[in-house]
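As structure tokens, the structure follows; a few thoughts come after it.
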Amino acid sequence: MSRFLASEMPLAGVMCVARQRLGDARGFFSRLFCADDLATVGWTWPVAQINYSYTAQAGTVRGMHFQHPPHAEAKFVSCLRGRVWDVAVDLRAGSPTFLQWCAQEISAENGAALLIPPGCAHGFQALSDDIELLYVHSEPYTPASDAGLNPHDPGLGILWPLPVSVISDKDAGRPMLTSDFEGLRP
């Protein structure tokens, strides 16, 4: 029996995964990650890292992060506390959804997670204070492959639900995409 229900998002390979909760008077039990169950919805990679982030203030934007091949990474992003607007942008050359984005609210309450395949940028906006996220990565962080998109790039047109209150200098200083960007190739 799978502990996950998955639905396709508008970008090829991006899935919204809802966790099944088994509950009683004590509370509930929920599986955060299961490689066997998630393989049926697209997670076919080894787990290389599990990372945790805390974001203090609603309106904060983190992203849009990715790694260049050969260190492109899949991510399985879960919200353990609070609510976020989780965003993926397709950067895969030749993809039918190239340079399109999609978003999903994930929260501690709804138990949803986003499965993001390699070749997509990822970021989020905190919709409440005191956000805690857990990220399962298929590749280790590789500084030489680290990259990102500017979250305010008008060419992407990401619609952040709240005014952006906090953003790192690094994320705000990312360059805008140019017309000669051909995408990521494996």
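Could you please tell me which pairs satisfy a Cβ distance under 7 Å, a separation of 6+ or placement on different chains, a first residue in the range 36-53 that is in contact (Cβ under 8 Å) with a residue 40 or more places away in the chain, and a second residue that is hydrophobic (A, V, I, L, M, F, W, C) and outside any strand (DSSP E or B)?
Filtered contacts from the range 36-53: TRP43/ALA35; TRP43/ALA74; TRP45/ALA74.
Among the residues of the range 1-58, how many are loosely packed, with under 12 Cβ neighbours inside 10 Å and of a type in the set (D, E, K, R)?
Matching residues across the range 1-58 total 3.
Go through LEU149, LEU162 for me and flag whichever is crowded, with 17+ Cβ neighbours inside 10 Å and touching a residue at least 60 places away in the same chain (Cβ under 8 Å). Show your work before the answer.
Values: LEU162 fails: crowded, with 17+ Cβ neighbours inside 10 Å.
Answer to the check: LEU149.
Just checking, which of ALA126, ALA108, ALA113, ALA121 is touching a strand residue (DSSP E or B) at 6+ places or on another chain (Cβ under 7 Å), free of Cβ contacts under 8 Å to residues at least 60 places away in the same chain, surrounded by 19 or more Cβ atoms within 10 Å (Cβ to Cβ) and not β-branched (Val, Ile, Thr)? Step through it out loud before you land on a result.
On the way: ALA126 fails: free of Cβ contacts under 8 Å to residues at least 60 places away in the same chain; ALA108 fails: surrounded by 19 or more Cβ atoms within 10 Å (Cβ to Cβ); ALA113 fails: free of Cβ contacts under 8 Å to residues at least 60 places away in the same chain.
Answer to the check: ALA121.
Given the condition in contact with a Gly (Cβ under 8 Å, 6 or more places away or on another chain) and not in a loop (DSSP other than H, G, I, E, B), answer yes or no: does some residue in the range 132-142 qualify?
Yes; the residues of the range 132-142 include at least one that is in contact with a Gly (Cβ under 8 Å, 6 or more places away or on another chain) and not in a loop (DSSP other than H, G, I, E, B).
Would you tally the residues in the range 12-51 being more than 15 Å from PHE76 (Cβ to Cβ) and either part of a loop (DSSP other than H, G, I, E, B) or in contact with a helix residue (DSSP H, G or I) (Cβ under 7 Å, 6 or more places away or on another chain) (or both)? Even if it seems obvious, please write down each step before you answer.
Applying the first criterion (more than 15 Å from PHE76 (Cβ to Cβ)) to the range 12-51 yields 12, 20-29.
Then keep just the ones that are either part of a loop (DSSP other than H, G, I, E, B) or in contact with a helix residue (DSSP H, G or I) (Cβ under 7 Å, 6 or more places away or on another chain) (or both); that gives 12, 20-21, 25-26.
Count: 5.
Give the range 75-105 a look and list any residue that's closer than 18 Å to LEU38 by Cβ and in contact (Cβ under 8 Å) with a residue 60 or more places away in the chain, or say none.
LYS75, PHE76, ALA88, GLN104
Tell me which of these SER138 doesn't satisfy, since it passes every other one: (1) closer than 15 Å to MET15 by Cβ; (2) surrounded by 24 or more Cβ atoms within 10 Å (Cβ to Cβ); (3) not aromatic (Phe, Trp, Tyr).
That leaves (2) as the condition not met.
Out of all the residues in the range 1-11, which are closer than 23 Å to PRO118 by Cβ, among the aliphatic types (A, V, I, L, M) and in a strand (DSSP E or B)?
Correct list: ALA6 only.
Each value in this text was obtained by applying a stated rule to the coordinates, not by laboratory testing. Everything quoted here is computed from the prediction, not taken from an experiment. Quick reminder, even Gly has a Cβ in these numbers, built from the backbone with ideal geometry, and neighbours come from all protein chains shown.
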